[in-house]
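Below you'll find the structure, written out as structure tokens, and then a few comments.
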Amino acid sequence: MASTPPQNSKKVRNNSGSGQTVKFARRTSSGRYVSLSRDNIELSGEFSGDYSNYTVHIPPTPDNQPMATKAEEQYVSNSLFTGGFNSVTRAHLMDKVIDSDVTHPQMAGAKGSSCAMPACDGKVMKDERGKDVMPCECRFKICRDCFMDAQKETGLCPGCKEQYKIGDLDDDTPDFSSGALPLPAPGKDQRGSNNMSMMKRNQNGEFDHNRWLFETQGTYGYGNAYWPQDEMYGDDMDEGMRGGMVETADKPWRPLSRRIPIPAAIISPYRLLIAIRFVVLCFFLTWRIRNPNEDAIWLWLMSIICELWFGFSWILDQIPKLCPINRSTDLEVLRDKFDMPSPSNPTGRSDLPGIDLFVSTADPEKEPPLVTANTMLSILAVDYPVEKVSCYLSDDGGALLSFEAMAEAASFADLWVPFCRKHNIEPRNPDTYFSLKIDPTKNKSRIDFVKDRRKIKREYDEFKVRINGLPDSIRRRSDAFNAREEMKALKQMRESGGDPMEPVKVLKATWMADGTHWPGTWAAATREHSKGDHAGILQVMLKPPSSDPLIGNDSDKIIDFSETDTRLPMFVYVSREKRPGYDHNKKAGAMNALVRASAILSNGPFILNLDCDHYIYNCKAIREGMCFMMDRGGEDICYIQFPQRFEGIDPSDRYANNNTVFFDGNMRALDGVQFPQRFEGIDPSDRYANNNTVFFDGNMRALDGVQGPVYVGTGTMFRRFALYGFDPPNPDKILEKKESETEALTTSDFDPDLDVTQLPKRFGNSTLLAESIPIAEFQGRPLADHPAVKYGRPPGALRVPRDPLDATTVAESVSVISCWYEDKTEWGDRVGWIYGSVTEDVVTGYRMHNRGWRSVYCITKRDSFRGSAPINLTDRLHQVLRWATGSVEIFFSRNNAILASKRLKFLQRLAYLNVGIYPFTSLFLILYCFLPAFSLFSGQFIVRTLSISFLVYLLIITICLIGLAVLEVKWSGIGLEEWWRNEQWWLISGTSSHLYAVVQGILKVIAGIEISFTLTTKSGGDDNDDIYADLYIVKWSSLMIPPIVIAMVNIIAIVVAFVRTIYQAVPQWSKLIGGAFFSFWVLAHLYPFAKGLMGRRGKTPTIVFVWAGLIAITISLLWTAINPNSGPVAAAEGVGGGGFQFP
């Protein structure tokens, strides 16, 4: 018998909390805030009925719960919670979050009627539609605080002086303005129609058609809920269809995803060429070792050492590409299994698991708030059951600008999200949508689309103006309040008899819209209000929605949403506590704080993390990922990696920003669900290879056929249970302990060494967090709808509405984001994102694969996510430097793949080994790039003569290289130009960023010198004349020196060798051609770097060329001084006999 999942009820939560103290702040009519602790409340008797004398009935649906619970939920959503180390958690009640009006009822600070009690400026409680809730039949308007006072003191309504009736709130007359009418049951008279309409109303006060059809077998259809008559199809009708809808179990089982192998006509020659090139390479290197150039043994030795390393590096990079695969998903099957109505689910409530979406930002100056707001809007409008989605923004800077920008975004979502649902808008980032250069009416059939779009466009323009004006608005507001405080302090000093000439000392605070101090970072940083020293902050911007659709009407908004669900997902602003003396572990620490806070507030079994400049480009992306997680065998998938796609890249992708060869090539050969990354803001030629198409569409796709793609930082859907550091479930061992494969387990069932007493040591002392772990594991299992599914959950287990938020739960989530919570725990070591590396993403994915999990690479027809990439040369080089430095750290740490466990497959081990080794190739690459110049200066070559053997080996290797490139382009879907751009950027980064990364990594290991990196600046799109204006910006960096020196030395060497050969008595053209060929090979790879260095005319600093020229000339003169042309050789070449002689 399958058991139901454990319910994290409020009663359990309240009784099993970790002792977190909460202070509730109440604003008086004079504007002063009075703080009361829970202990004080209980001692004084005030509000005790609110927090100690209520219980939540099951199921606690939003429209069917006690008045105290509804008041508690509204109080929580209107409060800003703060707390941290050695401080009491406070719930700061806010009647105003932003200066502009707030209309959506889910949002904090939403407008409402005023309380009718004398001397009270509170707001009346609202229902899910934003309408006033009046607990008494006399309809006396009363706010939440006054209601609690009246209930505690007399229990009488202040209006009619009658006793309050505590219970169901659905006693009001139903509102059928949306068109939902009570329908009589077949064969019944009209006398019971009114009762039927009341019984069949859903949580929104509307008539539930699906429920009515199911219970009455009515013939009136609404959407897909059509109930066929028993004899409608005669005797041929399937038994499963008689008298009703088909249960999911009665339908033929179909998989949610499929593996599509690469055609044999492509993959077989590809593998054959790899084998041929490997054999020829071995013979070639053997021949090179056995045939040294004794005339230039130093040149031969340097070249053979470099070639041996390049061969080893090629094996590490190429072998994991032997098993690339493609995958496909079936969204229709996903819909049929999880979202369709059935006799057991007549309303069609979704059985999909919940998902928490994380977005991180740290500095509103480098990461424009408008960019982050657009990202959040695309998330709030995602095509996934609204009640299953929870959005979290981590603001590591604790800036009021970010807070109010997110509040503005939540307010604008009231219009944008229903508009996207009504007209099926793609993409759902408003800035990108309104910037599209295509006909907006294409595939749009609703007659009101043009009118609606015009209205939304105007509202969005006003929204952008408000966002852009927030810095000035906050500054003016703070100046005004600070001036008022100075006047108060001056007046108080005069009244107390102080010296009027003494300057008044008042803190220059940053003020919120409601006239109180911002608890985070102030513009004028001070103690407890700076980026590294502020309290933890948590604000529920949008409270959890109801479980059933909330259909709009044609009167509340400027757009008619009478057929559209107007609910919004839960949205939470989080800024973790920061204090001096604590290592906050940068982005990894911020992500772990979100993991803990979300586990308590929503506990979605899956997590999708995005950067603040990466938005959802395909609104069905989450459903695509769920096809893998919920499919048979999906219980051992730790994450899904999507490709990264960039916009605004120059057409030639000169700096290989797209990385398509890696993402759609190599990753396809490994196997998690990793979504490809696609980027915006890159010039069309992509001169810096920002798109990384070779990486995303090549390497990542190749890894998909082994154990899975590596985790690359953003666009990744995680299984929460895998982030907690557990091994993948072993159904055979677990079923020996349990009677049913669909039974919920405990943490000790997954890790025998982890009993109840060890939970605080691993996860911290939060009881709610520990209780959420087995719940998340159970809800993340695939459906047990097939005999082959050995480890699943029963259908329908996730249709239960989520519990409303209460103050204790939110206060607990504030405590787990405090700076001290991770002390003496395994967070960052085994649990969550791993600390100790600037590339925490790769290490985190490696740890999961090392425990036996696998990952999947998910490429969708429409790009899942898009974002911005560094468009200018300097930012691109620094980005690659950070990645390479992290790889060097991995190589010198215990995360080196050489030390991996047996659970890591051999090809996957090679791939991770290559991740840690590839920066060291720069040491040999730089030397090899100078060899052509040395050859031209000295008149020698890496081989004694250009023999037939050497040329044949070189020809075969080159042909194999070309054939592999063509076939790789075929199976990965990348372009040949993208492949070439990636090769160019490999040499550019290898001679600059990778070299510096090796030096910095070695310094950190040997000397303990820490490395700090700055955020990559996100373009705000200020230059309307040229969207690629940033492309031409040249900012000086020492990273540019090695490539510049290499280029100029090779150019000078070609000129010197050419002049010398011309003036020789017997010109040796073979040596000139051999050396010049390889010099041109180096210069061709450096072309994007040179083009980027030029920028626009007059933009490149002159000092760059002066320094490079001096270094190149110095090296050239040093060489001629070491090896001058003299003696018999010079005489044989005609030097002194009218020929040219080098000075």
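The values are calculated or read from the model by the stated rules, or taken from the named source; none is laboratory data. What you are looking at is a predicted structure, and each value in this text was computed from that prediction instead of being measured. FYI the Cβ positions are ideal-geometry reconstructions off the backbone, even for glycines, and counts take in every protein chain you see. The protein model used for the area step is the full one, side chains on, heavy atoms only, and it has no ligands, DNA or RNA in it. Shrake-Rupley method; radii C 1.70, N 1.55, O 1.52, S 1.80 Å.
Residue 344 meets the conditions (1) at pLDDT 90 or above; (2) open to solvent by 50 Å² or more (accessible area, probe 1.4 Å); (3) not basic (Lys, Arg) in every case but one. The failed one is (1).
Within the set of pairs 6+ apart or on separate chains, which have a first residue in the stretch 340-358 that is more than 30 Å from residue 723 (Cβ to Cβ), a second that is among the basic types (Lys, Arg), and C-beta atoms under 7 Å apart? That search, which allows pairs on different chains as well, returns 345/799; 346/211; 347/211. Being assigned to a loop (DSSP other than H, G, I, E, B), more than 30 Å from residue 698 (Cβ to Cβ) and open to solvent by 30 Å² or more (accessible area, probe 1.4 Å) holds for only one residue in 863, 823, and it is 823. Residue 401 meets all of the listed conditions (1) in a helix (DSSP H, G or I); (2) open to solvent by less than 10 Å² (accessible area, probe 1.4 Å) but one, namely (2). The listed residues are 507, 538, and the only one of them that is surrounded by fewer than 19 Cβ atoms within 10 Å (Cβ to Cβ) and closer than 28 Å to residue 86 by Cα turns out to be 507. Can you report the number of residues in the stretch 964-980 which are open to solvent by 20 Å² or more (accessible area, probe 1.4 Å) and assigned to a helix (DSSP H, G or I)? Within the stretch 964-980, residues that are open to solvent by 20 Å² or more (accessible area, probe 1.4 Å) and assigned to a helix (DSSP H, G or I) number 9. Do we have any residue at all in the stretch 564-571 that's at pLDDT below 90 and under 27 Å from residue 449 (Cβ atoms)? No, the stretch 564-571 contains no residue that is at pLDDT below 90 and under 27 Å from residue 449 (Cβ atoms). Taking the criterion of being outside any loop (DSSP other than H, G, I, E, B) and closer than 14 Å to residue 720 by Cα, the residues of the stretch 829-846 that qualify are 831, 844, 845.
Per-residue answers, yes or no, for (1) outside any helix (DSSP H, G or I); (2) open to solvent by less than 30 Å² (accessible area, probe 1.4 Å); (3) more than 30 Å from residue 280 (Cα to Cα); (4) touching a helix residue (DSSP H, G or I) at 6+ places or on another chain (Cβ under 6 Å):
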residue	(1), (2), (3), (4)
297	no, no, no, no
301	no, no, no, no
310	no, no, no, no
317	no, no, no, yes
327	yes, no, yes, no
349	yes, no, yes, no
352	yes, yes, yes, yes
363	yes, yes, yes, no
376	no, yes, yes, yes
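Screening residue 410 with (1) closer than 26 Å to residue 529 by Cβ; (2) open to solvent by 20 Å² or more (accessible area, probe 1.4 Å); (3) out of contact with any Ser or Thr (no Cβ under 8 Å at 6 or more places or on another chain); (4) not β-branched (Val, Ile, Thr) gives one miss only, at (2). Residue 604 meets each of the listed conditions (1) open to solvent by less than 10 Å² (accessible area, probe 1.4 Å); (2) more than 28 Å from residue 362 (Cα to Cα) apart from (2).
Can you spot a residue in the stretch 1026-1036 that is within 30 Å of the chain's Cα centre (by Cα), part of a helix (DSSP H, G or I) and modelled with pLDDT of 65 or more? Scanning the stretch 1026-1036 turns up no residue that is within 30 Å of the chain's Cα centre (by Cα), part of a helix (DSSP H, G or I) and modelled with pLDDT of 65 or more. Taken over the stretch 938-956, the residue count meeting the criterion of being part of a helix (DSSP H, G or I) and open to solvent by 20 Å² or more (accessible area, probe 1.4 Å) is 9. In the condition set (1) closer than 29 Å to residue 255 by Cα; (2) open to solvent by 20 Å² or more (accessible area, probe 1.4 Å), residue 791 is compliant with all but (2).
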